[in-house]
Every structure is written in C-alpha cells, then in structure tokens.
Amino acid sequence: MDMHTTSHADHAAYVRNMFGRIARRYNLMNRLMTFGQDRRWRRYVVQRAALRPGAWLLDIATGTGDIAFEAQRQVGDLHIVAADFALPMMRVGQRRESCASVDGRRPLSWQAADTLHLPYAAHAFDAVTSGYLFRNVTDIAGALAEQVRVLKPGGRLVTLDTTPPRGPLRPLIQFYLRQVIPLLGRWITGQADAYRYLPESTLGFKSAEELAALMRTAGLVDVGWRRFMLGTMALHWGTKPGAG
C-alpha cells in the first residue's frame, strides 16, 4: 500500500485490519525480527519518559502493551492509559495482563483511540509514549500535534520507530527486510503480506533527522534521538515547553 496515494480512512482501515490479523503472533515476530533487542529498546523508552510515581502516562498505539507493561515494571503507582485503534492487539495485551501478577500496581486502562483524534483533554498526561506508530500514519504532523496537545507543560514525548538504513550495509539490510522478514512472517503468522508492508514502511519512512525536525516543528524542545540495530531503529524524545 502506498501511503501517499491513499486517504487517511483507507490507510487506517488497512493498518487496523493488518494488525488484527497478526495480533496473536505479533510479539513473537518482534522478538525474532529484532533478535530480542526490542525489549531493551522499550526499557529506554520508559527511562526517557522520566516518569515519577503517581504520574499519568498515555501509551498510544500500545498494541499488546509492551511499553505500558515496561512502565508498570519500572515505576510504581502509575496511571497508565494503553490506547490503540487495533482492538485485537489490545485483547492480546489484556490476556497477558490477566495472566501476570502486577504486585498490587494499578491495572492498565485499555482504551480505543485514534492517534489523530485523541479523546483526551489538553494537558492530561505527564508523558506520551509510542512504539512503531508514526510510520503507520498518513499525517505525522497531525499525530504529533495531538500528542503535544494532551501533554502537560514539561511533559515528555518519547517514540520508538524504524528509520531507513544507510551506509555500506544498506543493501544487506534491504535484503533482510524485503526477503527474510516476509518469509519469516509467512512461517510464523501465515500473513506474508503484512510482513511485506512493514519492511516497505521502514524503507519509506522519515530519517531520524527528519522526524526530529517534525517534532521541533510541533513545538517540542530538547529533542534528541538514538539509533539502534545498525541504524534501522531510532528512539526519539522531546519535551513540551512551559513547565514552571
């Protein structure tokens, strides 16, 4: 699917359906595709969010809740809203939560939400996190604007996403993305088409520098990023000005 030639509604419907089809094996595929490194990256997401006990966190495009669960593990007494528009993904996360002990911590609040029209008041959250959100939306600036709107002044926006490979290893990485991942996706999930879309969305996505520029345009300050996995993943963070 070409994000540049489809409407937001059509693209959103495609993405929602795709993630619904791969929900049951989504976590397993992430572990395999990243050689288990995605867990470490999510720990960095939560650390960069700089949450304190009692804070409010919105994890948008939460999927099966990996980042939300990591925040719950790292910081006690958080109010966590785990939101997504792909309901089958959240159902997988809810089953995970029901099978795990949360040691008396607050349960996650699972909510249906569209990242371009967040159903939350302005200045509601101390941090907004996301994983692999922005490469799947047609309006990155609009999604950023909504996240900045619901952040409190001084709040942190932290996002983990893919970024196009560069340098001498680019041909090898492209082969892995375009050939190995769809084959793995077919074996593990039976949904090879989904794992053709995901690599192409990586190769066609913004560079780390371009996404950082969009974050600054959205009004965030102290924007930074860190690359992982041969430069194919990038963790970005920024702060909404005005605290104090």
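Working carefully through the options 141, 124, find the one that is modelled with pLDDT of 95 or more, surrounded by fewer than 21 Cβ atoms within 10 Å (Cβ to Cβ) and out of contact with any strand residue (DSSP E or B) (no Cβ under 7 Å at 6 or more places or on another chain).
141 is the lone residue from the list that is modelled with pLDDT of 95 or more, surrounded by fewer than 21 Cβ atoms within 10 Å (Cβ to Cβ) and out of contact with any strand residue (DSSP E or B) (no Cβ under 7 Å at 6 or more places or on another chain).
Taking the conditions (1) more than 20 Å from residue 111 (Cα to Cα); (2) modelled with pLDDT of 95 or more; (3) in contact with a helix residue (DSSP H, G or I) (Cβ under 7 Å, 6 or more places away or on another chain) in turn, residue 58 satisfies each one other than (1). For the stretch 167-182, the count of residues that are over 17 Å from the mean Cα position of the chain (by Cα), within 18 Å of residue 38 (Cα to Cα), surrounded by 13 or more Cβ atoms within 10 Å (Cβ to Cβ) and not aliphatic (A, V, I, L, M) is at least one.
Pick out the one residue from 45, 15, 81 that is of a type in the set (Val, Ile, Thr), modelled with pLDDT under 90 and within 15 Å of the chain's Cα centre (by Cα).
Working: 45 fails: modelled with pLDDT under 90; 81 fails: modelled with pLDDT under 90.
Going through 45, 15, 81 in turn, just one is of a type in the set (Val, Ile, Thr), modelled with pLDDT under 90 and within 15 Å of the chain's Cα centre (by Cα): 15.
All conditions but one from (1) in contact with a helix residue (DSSP H, G or I) (Cβ under 9 Å, 6 or more places away or on another chain); (2) within 23 Å of residue 26 (Cα to Cα); (3) not in a loop (DSSP other than H, G, I, E, B) apply to residue 164; the one that does not is (3). Checking the stated criteria, residue 234 turns out to be hydrophobic (A, V, I, L, M, F, W, C), at pLDDT 90 or above, in contact with a helix residue (DSSP H, G or I) (Cβ under 9 Å, 6 or more places away or on another chain) and buried (at least 19 other Cβ atoms within 10 Å of the Cβ). Residue count for the stretch 176-198, restricted to those that are in a helix (DSSP H, G or I) and closer than 18 Å to residue 17 by Cβ: 9.
For the residues 174, 191, 179, the requirement of being of a type in the set (S, T, N, Q), without any contact (Cβ under 8 Å) to a residue 24 or more places away in the chain and over 30 Å from residue 242 (Cβ atoms) singles out 179.
The values are calculated or read from the model by the stated rules, or taken from the named source; none is laboratory data. Treat the numbers as computed from the prediction; the structure is a model and nothing was measured. Quick reminder, even Gly has a Cβ in these numbers, built from the backbone with ideal geometry, and neighbours come from all protein chains shown.
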